[in-house]
Amino acid sequence: MMLKQFNKNYSSFILFIILLLFLFPQINFAKISDRNAIKTFWQEAPIMPGAAKYFIRTEKIEKKTKSLNNHPIKISEDVLRKMLKQLSYKYDRDEPEIPLFSQKELMLLTEYVPKALMTAKPNEDITFVIKGNHTSARWSFKEERLSSGRLFVANNQLNLIMGSIQVNLQPTLDEQYMGNVWETTKLSYDIGHRRKMAEYEGLIIVYKQNKGIHRKSNERKDWFVFTNTAYKQAKEIIDYDKTSKEQQRKQYQTLQQQIDSLQKQLNKPSRQEPRRTAPPPQQIQKKLPRPVISKKPKNNNDPLVTEQRLKTIDNLYKKGILSEEEYKRKRNEILKGI
């Protein structure tokens with residue numbers, strides 16, 4: 001009797017739940033649990049109630065894990081970006097490859113995952129739910145799509161487990177009729193797990209078959225391991241790029257110096273001989289030596305001079321220019337000088 005009553009109540013409860021889902025299809029339950037969340041490094045609120053929530057955070061690892069992680073650990077942003085860029089995605093084997101992560105998603109992962117790895121404990125993983133614009137042959141324009149998964153370092157190797165890959169966020173026709181033009185609430189996504197493989201269409205492949213990146217096993221198409229070889233290759237590419245940029249910078253500086261030197265030579269006026277200007281008169285007077293005038297003393301004892309003087313005063317007297325007294329006085333003066 002009690003068993004029949006229980007079955008009747010249970011059936012009524014199931015019918016009630018089905019009725020609620022039928023009457024209120026817009027109600028959606030949270031897809032991702034926060035039960036194991038430890039610390040959130042980045043998050044974005046759902047665009048509308050029931051839509052997906054986006055975050056990058058640390059979480060407790062699954063129970064019964066064989067080995068713990070090598071956390072905390074340091075991985076540079078550049079190295080992480082280079083390694084994640086090596087993964088591509090194909091919706092179908094006949095479709096062309098597209099990047100697994102968009103530029104926006106790479107920016108978020110490379111900025112916040114290294115910070116999370118530096119603080120994570122050995123029993124913690126880094127989980128993420130992110131979105132970014134993607135282009136594919138399947139749709140005409142870029143569309144925002146959701147990707148999620150978890151990252152951790154175990155056995156000194158970076159591990160990536162994808163839970164959802166480029167999930168469509170476009171509202172359904174029913175949701176559009178109801179006024180939802182942002183993101184669908186009828187969305188199913190997960191963050192990936194060690195114990196079970198995520199189900200999704202398409203295939204993740206390694207770009208140009210880069211050495212050092214491989215699947216965890218043939219059965220796990222969602223789990224990729226980045227070995228020390230992949231790490232070294234990424235670091236060598238970064239170092240080469242830095243060296244190349246430094247060389248380009250030095251070459252640019254040398255070329256710029258040559259251009260500046262040539263420009264100075266073109267702008268420099270032509271050399272002309274300076275004009276010789278006459279020094280001021282005062283300077284000439286200072287420089288030129290003063291002439292030395294030699295004065296020769298008169299020789300009054302010369303007989304020719306005396307005779308000539310006597311003849312001169314005689315002629316003056318005969319012509320009447322000198323008087324007799326003046327004549328005698330001058331004559332006596334000349335004679336006294338002999």
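The values are calculated or read from the model by the stated rules, or taken from the named source; none is laboratory data. Being a predicted model, the structure only gives us computed values, none of them experimental. FYI the Cβ positions are ideal-geometry reconstructions off the backbone, even for glycines, and counts take in every protein chain you see.
Restricting N123, N180 to residues that are closer than 26 Å to K60 by Cα and of a type in the set (S, T, N, Q) narrows the list to N123.
Can you tell me which residues in the stretch 92-101 are more than 20 Å from I161 (Cβ to Cβ) and crowded, with 17+ Cβ neighbours inside 10 Å?
I98
Report whether or not E77 is surrounded by fewer than 17 Cβ atoms within 10 Å (Cβ to Cβ), under 36 Å from the mean Cα position of the chain (by Cα) and within 17 Å of I213 (Cβ to Cβ). No.
Among residues of the stretch 72-85 that are in the same structural domain as L106 (by TED's automatic domain parsing), those with a Cβ under 7 angstrom from a residue that is of a type in the set (K, R), sequence gap 6+ or separate chain, pair up as V79/K235.
The residue that is modelled with the highest pLDDT, counting only those in the stretch 301-338 that are in a loop (DSSP other than H, G, I, E, B) and surrounded by fewer than 14 Cβ atoms within 10 Å (Cβ to Cβ), is S323. Quick one: in the stretch 221-273, which of the residues that are at pLDDT 85 or above and not in a helix (DSSP H, G or I) is surrounded by the fewest Cβ atoms within 10 Å (Cβ to Cβ)? Step by step, filter the stretch 221-273, then rank; the result is T227. Among the residues of the stretch 181-220, those that are outside any loop (DSSP other than H, G, I, E, B) and of a type in the set (S, T, Y) comprise Y207, S217.
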